[in-house]
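Taken together, the values in this text are just the output of simple stated rules run on the coordinates, not laboratory data. Given the structure is predicted, the values throughout are model-derived calculations rather than measurements. Reconstructed Cβ throughout: ideal geometry from the backbone, glycine too, with neighbour counts over all protein chains shown.
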Amino acid sequence: QHAKITCTSRYVPENAVSNHQLSTMMDTSDEWISSRTGIRSRNIVINENTSDLCIKVAGKLLEKSGIKAQDLDFILVATMTPDYGTPSVACLVQGKISATNAFAFDISAACSGFVYALSMGEKLIRTGKKLGMIIGGETLSKVLDWNDRSTAVLFGDGAAGVLLEASDEEHFISEKLQSDGQRGKSLTSGYIENQSPFYTGTAESSGYLQMAGRDIYDFSLNDVTNNIREIVEDDVDYLLLHQANKRIIEKISKKLNVPREKFLTNMEHNGNTSAASIPLLLDESVESGVLQLGSKQKIVLTGYGGGLTWGSILMTL
Ligand SMILES: O=C(O)C1CCN(c2ccc(-c3cc(CO)ccc3Cl)cn2)CC1
């Protein structure tokens, strides 16, 4: 049987932080941020953690769809900012909504996380599962170095997700997931220091998010463009890329010779929300009517970022 996205939902923290507000906290400006990234505002948690955001999304998916939590077979959460090493955010969600028949685990693939998780969910449906929940959620604000203006202004918090159901209709057409650990140190975050009395080494990295911006920019322009080119043979209606930077999306659209207006964007009010960025864009586009579930619109979802990881899924809604 095939898999079909039957519901989308999202949740972002109430605390919207404008570029101007950041300019009162560090040496930056609205002009610099918006011209270089396309970001004008982002939402930053005050007391919530990643599981809180994902639990909100799960509750909204249940409410919107009318499905019962105990009908869920699995819950996958893509995140690079979990509350704990264990329990997983997915298990915290599962517990909170009492999805007693669902197995649950997190997927760590940074900004490709939602695409990786959606791909894995589709395989679970194809091999017999009936109903799953797939959420991308992050509280990146807790791992940012707020004294480093080169990264602190880029990222935001949020969560969004989908219900994936068994269907007679074929929606998933093709995919290509890729990784390159040899370039993994270009974007790191959340290093956990060993504190045992036997440990004599030294911490190789800080817990803060650190990014070699130029290297990630070039990776995105080259490897990601090639991945999309391989997946998209002929025409698509829309492309939903990870919302990292407006300029990179413009450059990729030129390299692919695909009209810029086919690339949906929302980094302007969310910032870069890593694994949450694609499902946030998907739900906002469904809510605005640009995308319609069941419309047969042909879309590409493309994630790219830490790992390094990147990957695309070509599907119809
Ligand atoms: O000087 C400038 O213009 C600066 C140059 C550096 N910038 C960057 C660099 C890299 C990213 C980025 C991050 C991820 C991880 O989610 C994935 C993909 C990308 Cl392309 C975002 N911004 C900001 C503007």
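Specify, per residue and in Å³, the volume enclosed by the convex hull of the alpha carbon atoms belonging to the chain. Mind dumping the intermediate values first?
Details: hull volume 44.5 nm³, N = 317.
Dividing the Cα hull volume of the chain by its residues yields 140 Å³.
Limiting things to C-alpha atoms, what are the Rg and the maximum Cα-Cα separation (Dmax) for the stretch 66-161, in angstroms?
14.7, 49
Can you tell me which lysines have their Cα less than 30 Å from the Cα of K251? Leave out same-chain residues fewer than eight positions away.
Here the lysines satisfying the reach criterion relative to K251 are K176, K185, K262, K296, K298.
In nm, to one decimal, how far is the modelled label at N222 from the one at K185, with both set 7 Å along Cα→Cβ?
Distance between the two pseudo-spin positions: 1.8 nm.
Given the DSSP H assignment, sum -39500 (n - 2.57) over each helix run of at least 4 residues in the chain and divide by its residue total; what's the result at 222 nm in deg cm²/dmol, nearest 500?
Details: 11 runs with 96 residues, N = 317.
Taking each H run of at least 4 residues, the total per residue is -8500 deg cm²/dmol.
Among 266-277, 231-242, how do they line up from the highest to the lowest mean number of other beta-carbon atoms within 10 Å? Write out the running numbers ahead of the final one.
Working: 266-277: 27.2, 231-242: 18.3.
So the order, starting with the most tightly packed, is 266-277, 231-242.
When DSSP beta bridges are limited to those with both residues in the chain, what percentage is antiparallel, rounded to the nearest 5? Working shown, then result.
Values: 38 of 54 bridges.
DSSP beta bridges in the chain are roughly 70 percent antiparallel.
Please list, ordered by chain and number, the residues whose modelled amide H lies under 5 Å from the amide H of V143; skip anything fewer than 5 residues away on the same chain.
Counting only residues 5 or more places away or on other chains, the set is empty.
At a threshold of 8 angstrom on Cα-Cα distance, excluding pairs fewer than six apart, so keeping six or more, what relative contact order does the chain reach in percent? Walk me through the intermediate numbers first.
Details: 764 pairs, mean separation 83.7, N = 317.
The value is 26 percent.
So how much slack lies between N147 and T200, counting 0.36 nm per residue of separation and subtracting their Cα-Cα distance, in nm?
Values: separation 53, 0.36 × 53 = 19.08 nm, distance 2.93 nm.
My answer for the length gained is 16.2 nm.
Within the stretch 258-275, list the residues whose amide N lies under 11 Å from a label point set 7 Å along Cα→Cβ of W32.
Once the point is set 7 Å along Cα→Cβ of W32, nothing inside the stretch 258-275 turns out to lie under 11 Å by backbone N.
Quick one: how many lysine pairs in the stretch 1-123 have C-alpha atoms under 24 angstrom apart, if they're 8 or more apart or on different chains?
13
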